[in-house]
Amino acid sequence: MQTRLKFVALVSLFPALASVVTLANHTAQAADYPSRLIHLIVPYAAGGAADSIARVLAKRIGKAIGQTIVVENRGGGGSIVGTEFVNKSEPDGYTLLLGQSGPISINPAVYMSLPYDPVKDFAPVSLTTTYPYVMVVNPALGVKTLQEFVALAKRRPGELNYGTTGVGAANHLVTELFDSKAGIRMTHIPYRGTALAVSDLLAGQVQVVFADPISALQHVNSGTLIALAVTSRDRTPMAPAVPTISESGYPGFDAIGWHGILAPANTPPAIVARLSAEIREALKDPETRTLLESQAMQIVGSSPEDFSNFIKQDIAIWKEVADQARIEVR
């Protein structure tokens, strides 16, 4: 009987011993981190805004921590391929994700099923940058203000076409949010990328696009498109003369895109904290700030806890929009 009791007592200690061993391993990993190459996964093809931001961050952070950070593009599946790759990677701090509103906040709202849970499967490290969408129209439409556009859309319900980067894409939901707030109805024309949508806007095939600042402002500055408003709460420094939707008659309207660094869930907290501190420090660097701001990005830098709360709030916002507009991607 005593032998059996001793055995039961030993067995009951196994979970506690396993926790101690795990903690010791994590502590050792953190103390040695980083001892080899780090991969920063961008779930998009090379050449886009996310790719450019990743390369700016990788260079600066890698220099700070004394280790090379390689940017690896893994596009496909509406950004799901690259995001899932990081989800299934070892939680050791050597495979990171350049997260964005699309795969982390929007996809859970519109996809019937996803191979990852954006909250449970990732450890937020730091929110790095945010950006508004710019509402642009062709001058031939004959409107110069948001109020004039809304009045036209109300006179012609369903006749105005809006272009997006695809069904369930971020600017699809942003446009639907605006339609709801403005009480208008337009027809959705999905494209495979911003460049194609803007190209058809220039050709007059669609009447409006909510585009990222880089794609929109080059045409606004050349006079080939008119910027009616930006979707952020505050005006963007890249186009300070362009009003916000909020100040143009729809108080409280605030819809932004963002980028941030995430690690697989269960990455040692000490490694997450180290990376977060280095990222925030990198974002203070004048050269880094200049490079990011030149791409119309607004610099943030946050703690893991603040980034986690931000993600949960963002998911809730877009889930409500998707449900109201009945947007689903199967």
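The values are calculated or read from the model by the stated rules, or taken from the named source; none is laboratory data. A quick note: this is a predicted structure, and the numbers were derived from the prediction, not measured. Neighbour counts are summed over all protein chains in view; Cβ atoms, including those assigned to glycine, are modelled from backbone coordinates with ideal geometry.
Points to keep in mind about this one:
- Within segment 262-282, at least one residue is crowded, with 19+ Cβ neighbours inside 10 Å, in contact (Cβ under 8 Å) with a residue 12 or more places away in the chain, closer than 25 Å to residue 90 by Cα and under 15 Å from the mean Cα position of the chain (by Cα).
- In segment 223-235, the count of residues that are more than 19 Å from residue 255 (Cβ to Cβ), in contact (Cβ under 8 Å) with a residue 12 or more places away in the chain, among the β-branched types (Val, Ile, Thr) and in contact with a Pro (Cβ under 9 Å, 6 or more places away or on another chain) is one or more.
- In segment 298-330, the residues that are in contact (Cβ under 8 Å) with a residue 60 or more places away in the chain and at positive phi: 301
- Selection within segment 274-293: residues that are assigned to a helix (DSSP H, G or I) and aliphatic (A, V, I, L, M). The member of this set that is nearest to residue 122 (Cα to Cα) is 275.
- Qualifying helices (runs of 4 or more DSSP H) (wholly inside segment 144-235; at least 3 residues being within 23 Å of the chain's Cα centre (by Cα)): 170-182, 194-202, 213-222
- Residue under evaluation residue 271, criteria (1) in a helix (DSSP H, G or I); (2) over 23 Å from residue 65 (Cα atoms); (3) not polar (S, T, N, Q), criterion not met: (2)
- Close pairs from segment 62-84: first assigned to a helix (DSSP H, G or I), partner of a type in the set (Ser, Thr, Tyr) and at pLDDT below 95, Cβ under 7 Å, at least 6 apart: none
- Scanning segment 151-169 for residues that are among the hydrophobic types (A, V, I, L, M, F, W, C) and without any contact (Cβ under 8 Å) to a residue 60 or more places away in the chain gives 151, 152, 153, 160.
- Hits in segment 105-114 (condition: part of a loop (DSSP other than H, G, I, E, B) and either farther than 16 Å from residue 86 by Cβ or modelled with pLDDT of 95 or more (or both)): 112, 113
- Residue match in segment 161-179 (condition: more than 22 Å from residue 298 (Cα to Cα) and surrounded by fewer than 16 Cβ atoms within 10 Å (Cβ to Cβ)): yes
- Options 185, 192; residue that is touching a residue at least 12 places away in the same chain (Cβ under 8 Å), under 19 Å from residue 103 (Cβ atoms) and surrounded by fewer than 16 Cβ atoms within 10 Å (Cβ to Cβ): 192
- Residue match in segment 296-314 (condition: farther than 19 Å from residue 110 by Cα, surrounded by fewer than 18 Cβ atoms within 10 Å (Cβ to Cβ) and basic (Lys, Arg)): no
- Residue match in segment 211-221 (condition: within 25 Å of residue 85 (Cβ to Cβ) and in contact with a strand residue (DSSP E or B) (Cβ under 8 Å, 6 or more places away or on another chain)): yes
- Matching residues in segment 27-44 - criterion: being touching a strand residue (DSSP E or B) at 6+ places or on another chain (Cβ under 8 Å) and surrounded by 14 or more Cβ atoms within 10 Å (Cβ to Cβ): 38, 39, 40, 41, 42, 43, 44
- Any hit, segment 201-220, residues being within 23 Å of residue 249 (Cβ to Cβ), of a type outside the set (Lys, Arg), touching a residue at least 12 places away in the same chain (Cβ under 8 Å) and surrounded by fewer than 22 Cβ atoms within 10 Å (Cβ to Cβ): yes
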